[in-house]
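Enquirer: Below is the structure I would like to discuss, written out as structure tokens.
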Amino acid sequence: MSHSKPASGAGTRTIPDVRGGAAARVRRRLSGGAASLAALVIAALWTLPTAGLFVSSFRPAEDIRTTGWWTFFADPEVTLDNYRDVLFGSASDGRLASYFVNSFVITLPSTVFVLGVAALAAYALAWIDFRGRDWLFLGIFALQIVPLQMSLVPLLRFFSQGVSVAGVQVLPAWELGGAMAFTNVWVAHTIFGLPLGIFLLHNFISQLPKSLFEAARADGAGHGTIFSRIVLPLIAPALVSLGIFQFLWVWNDLLVALIFTGGDTSTAPLTVRLAELAGTRGEAWHRLTAGAFVSMVVPLIVFFLLQRYFVRGLLAGSVKG
């Protein structure tokens, strides 16, 4: 009894690529006219408060108190008195110029420290084999879920009292004054930024081709040479992305600065002074609008200047291979 073989193509079914088809449909919907219109509406609504703040910062104090910012376009009247008062006026007006410098003094080292320590730790956890490495990485990952507020009191006690074990002083208290008072807030911001920084950079560094490291070791390169000449250039986009995150977080921070600067005006950043200006009733709206926009302009400049590196850093580690 002979069995006939089905002709080529007979009795077979083509299985459609469900994932590819779904992705294509999503792309078409997101790039359509309705999606573009929705994106424009969301962008306009998101930008509207910032635009209102910017317009109000140039309006006279009496106009701000009596009319809404949108009336500016009907009867425009511009003044720079708000910026002059809030930056270089009396102490009651704000005098934000010194606080503006303090914000830079706090933010730049806090960002650099996190980038340096996180990059070294991420490289060690990704490419140096030592006992307990996986458990250490798991512990660093778990630290991200610990609320920042839970560590404020122990860390503040560490700075003010040091560390004692069974009545024996192991580490002395940090009695820092003057310019060295910034050290407390630098250390605090670095500690709070390291878990996320190590986690992000570890995911990026661990995806680098193993052949690069094997070739470097074959040529006699040590870990220092590999890290400085191979790893750092390749993870530059990821470092920029982490740097933007850390810079914006530290620049806009109020809680950590309020606690660890000791309430001293010589070390307080912009956010602390703006909170003082707002007070409980927010009476000086004309100064608050100018001061708020002064505090916003630096993060905006940083983001727009490094935007392309930021996007590359976010996407570079998302696909392996």
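The values are calculated or read from the model by the stated rules, or taken from the named source; none is laboratory data. A quick note: this is a predicted structure, and the numbers were derived from the prediction, not measured. Ideal geometry is used to build each Cβ from the backbone, glycine not excepted, and the neighbour counts take in all protein chains shown. Just so you know, the surface numbers come from the protein's heavy atoms only, side chains and all, with ligands and any DNA or RNA stripped out. Shrake-Rupley method; radii C 1.70, N 1.55, O 1.52, S 1.80 Å.
Enquirer: Leaving out ligands and nucleic acids, and using a 1.4 Å probe, what accessible area per residue does segment 109-263 come to in Å²?
Expert: On the way: 8380 Å² over 155 residues.
With the other protein chains kept in place, segment 109-263 gives 54 Å² per residue.
Enquirer: What is the percent carbon and sulfur in the accessible area of segment 41-132, measuring with a 1.4 Å probe over the protein chains and ignoring ligands?
Expert: Working: 3720 of 5270 Å².
So the carbon and sulfur contribution to the accessible surface is 71 percent.
Enquirer: Something else about it: Averaged over every viewing direction, what's the projected area of the C-alpha convex hull for segment 149-213? Give it in nm², one decimal, please.
Expert: Working: hull surface 29.7 nm².
For segment 149-213, averaging the hull's shadow over all directions gives 7.4 nm².
Enquirer: Can you pull out the trypsin sites (Lys or Arg not before Pro) in segment 127-205 whose DSSP state is coil and whose Cβ has at most 11 other Cβ atoms within 10 Å?
Expert: Details: sites: Arg131, Arg133, Arg157; in loops: Arg131.
Sites meeting the loop and neighbour criteria: Arg131.
Enquirer: With a ≥ b ≥ c taken as the square roots of the eigenvalues of the C-alpha gyration tensor of segment 186-258, please select rounded if a/c is under 1.5 and otherwise prolate if a/b is larger than b/c or oblate if it is not?
Expert: Working: a/c = 3.36, a/b = 2.77, b/c = 1.22.
Note, shape of segment 186-258 comes out prolate.
Enquirer: Let me ask something else. Could you check how many percent of all C-alpha pairs in segment 138-294 are farther apart than 21 Å?
Expert: Numbers: 7775 of 12246 pairs.
Pairs farther apart than 21 Å: 63 percent.
Enquirer: Post the alpha-carbon centroid distance, segment 218-275 to segment 45-74, in whole angstrom.
Expert: After rounding, the separation between the Cα centres reads 34 Å.
Enquirer: How much solvent-accessible surface does Asp75 expose, in Å² to the nearest 10, with a 1.4 Å probe and all protein chains in place?
Expert: Result for Asp75: roughly 110 Å² accessible.
Enquirer: Could you work out the equivalent-ellipsoid semi-axes for segment 77-224, taking the square root of 5 times each eigenvalue of the Cα gyration tensor, largest first, in whole Å? Kindly include the intermediate steps, with their values, before the conclusion.
Expert: Working: eigenvalues 307, 126, 42 Å².
Equivalent-ellipsoid dimensions as semi-axes: 39, 25, 15 Å.
Enquirer: Dividing the convex hull volume of the Cα atoms of segment 75-155 by its residue count, what figure in Å³ per residue is obtained? Before the final figure, lay out each step's value.
Expert: Details: hull volume 16.9 nm³, N = 81.
Convex hull of Cα atoms, per residue: 208 Å³.
Enquirer: Another question about this same structure. As a test of reading the structure, rank Trp69, Trp251 by solvent-accessible area (1.4 Å probe, protein chains only), most first. The partial results should precede the final answer.
Expert: Values: Trp69 65, Trp251 10 Å².
From most exposed to least exposed: Trp69, Trp251.
Enquirer: Roughly to the nearest percent, how much of the accessible area of segment 144-275 is carbon and sulfur, given a 1.4 Å probe?
Expert: Values: 4430 of 6730 Å².
Whole-percent figure for carbon plus sulfur exposure: 66.
Enquirer: Pull out a ≥ b ≥ c, the square roots of the eigenvalues of the alpha-carbon gyration tensor of segment 39-100, then state rounded if a/c is under 1.5, prolate if not and a/b is larger than b/c, and oblate in the remaining case. Working shown, then result.
Expert: Values: a/c = 3.17, a/b = 1.53, b/c = 2.07.
In terms of gyration-tensor shape, oblate.
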